[in-house]
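The values are calculated or read from the model by the stated rules, or taken from the named source; none is laboratory data. No experiment lies behind these values; they were computed from the predicted model shown. Neighbour counts run over all protein chains shown; Cβ positions are idealised from the backbone, glycine included.
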Amino acid sequence: MSKNDHPLGQQPVEKTVISLLEGLATTRAIRRYTSEPIPEAHLRDMLFSATRAPSGSNRQPFRFLVLTDGEKAVQAKALIAQAAQDIWTEKERSDGYGEGSGSNPDSPKSRMARTMRNYVGNFSDVPALILPCMIRYRDPDPMEGASIYPAVQNLLLAARGLGYGGVITGFHRPVETELKKLLAIPDDVFVACTLTLGKPEGSHGPVRRRPLEEFVFTDSWASSAPWAVDPPGTRFTSAGPPKAQNKNEEA
Ligand SMILES: Cc1cc2nc3c(=O)[nH]c(=O)nc-3n(C[C@H](O)[C@H](O)[C@H](O)COP(=O)(O)O)c2cc1C
């Protein structure tokens, strides 16, 4: 059977009821998953959505290595899981997650640390691990990411629409050489990130950011646009990890 007459090739992409803007406002970083595998039909829909993304000159340089339960997938997951654990152990210490409000188990900082410990500890069992890659056609350039990361976000949004969740990570980076060898990824291919996906164990909830006025300027730098106001009920959060100089700040 050629891939053109695979039964999924005759099925439309699933229609979901969530609106685009609602999906955007509730696509959070999801790091806890049930063990439920992701059906191929849903993977197809997510990857179809990902590949609708724009790219420079419509070169479509994105490629997605989808790792679920095959032999190499299991090895790749274990390899990245070890890197994830090492990275988090160091970050937890250097960002002071155990200090200040980190000693209160109910603080956002402690909750974040628990989530991350659980995430990296179960990393090798994530239902799907995707390596979004970009085939380079010229020397690395600061704008090249614009031909791969929109596709990554499309994938996350489609996952949200279908009731899944995921998160972008850089956990592959320390093991990139071994990973490329294991998965036969050519040298001229840029592994843009590591994406884990699954059915969320909790709920999605609204994304929280800084107030809109801090992000949007008009006419000149730092001049807030008067119309850039958050809708009623918007909740906010601080930017970045806890500051090393002020370990009481929340994560
Ligand atoms: C470039 C980039 C790198 C990231 N790296 C990691 C990572 O290595 N590990 C991780 O758990 N989350 C990582 N994230 C997820 C961010 O922590 C997350 O998107 C951010 O905290 C906002 O989360 P929220 O949308 O749930 O508010 C990364 C996100 C981006 C965009």
Looking at the range 70-125, which of the residues that are over 20 Å from the mean Cα position of the chain (by Cα) and among the acidic types (D, E) is nearest to G170 (Cα to Cα)?
E90
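Out of the residues in the range 195-215 that are outside any helix (DSSP H, G or I) and of a type in the set (A, V, I, L, M), state the one that is nearest to the ligand (Cβ to nearest atom).
Of the residues in the range 195-215, the ones outside any helix (DSSP H, G or I) are 195-211.
Pick out the ones that are also of a type in the set (A, V, I, L, M) and you get 195, 197, 207.
Values: L195: 10, L197: 13, V207: 5 Å.
Selected residue: V207.
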Test D188 against the stated conditions and say whether it is in contact with a Lys or Arg (Cβ under 6 Å, 6 or more places away or on another chain) and not hydroxyl-bearing (S, T, Y).
yes
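Does Y97 satisfy the criteria of being touching a residue at least 60 places away in the same chain (Cβ under 8 Å) and not in a helix (DSSP H, G or I)?
Working: touching a residue at least 60 places away in the same chain (Cβ under 8 Å): yes; not in a helix (DSSP H, G or I): yes.
So Y97 fits the description; yes.
Scan the range 166-182 residue by residue and report those that are within 30 Å of G23 (Cα to Cα) and out of contact with any Lys or Arg (no Cβ under 7 Å at 6 or more places or on another chain).
G166, I168, T169, G170, F171, H172, R173
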Across (1) modelled with pLDDT of 95 or more; (2) away from the ligand (no atom under 16 Å from the Cβ); (3) of a type in the set (A, V, I, L, M); (4) out of contact with any strand residue (DSSP E or B) (no Cβ under 8 Å at 6 or more places or on another chain), I18 clears everything bar (1)
When residues of the range 29-52 are filtered for being within 16 Å of the chain's Cα centre (by Cα), outside any helix (DSSP H, G or I) and not hydroxyl-bearing (S, T, Y), how many remain?
4
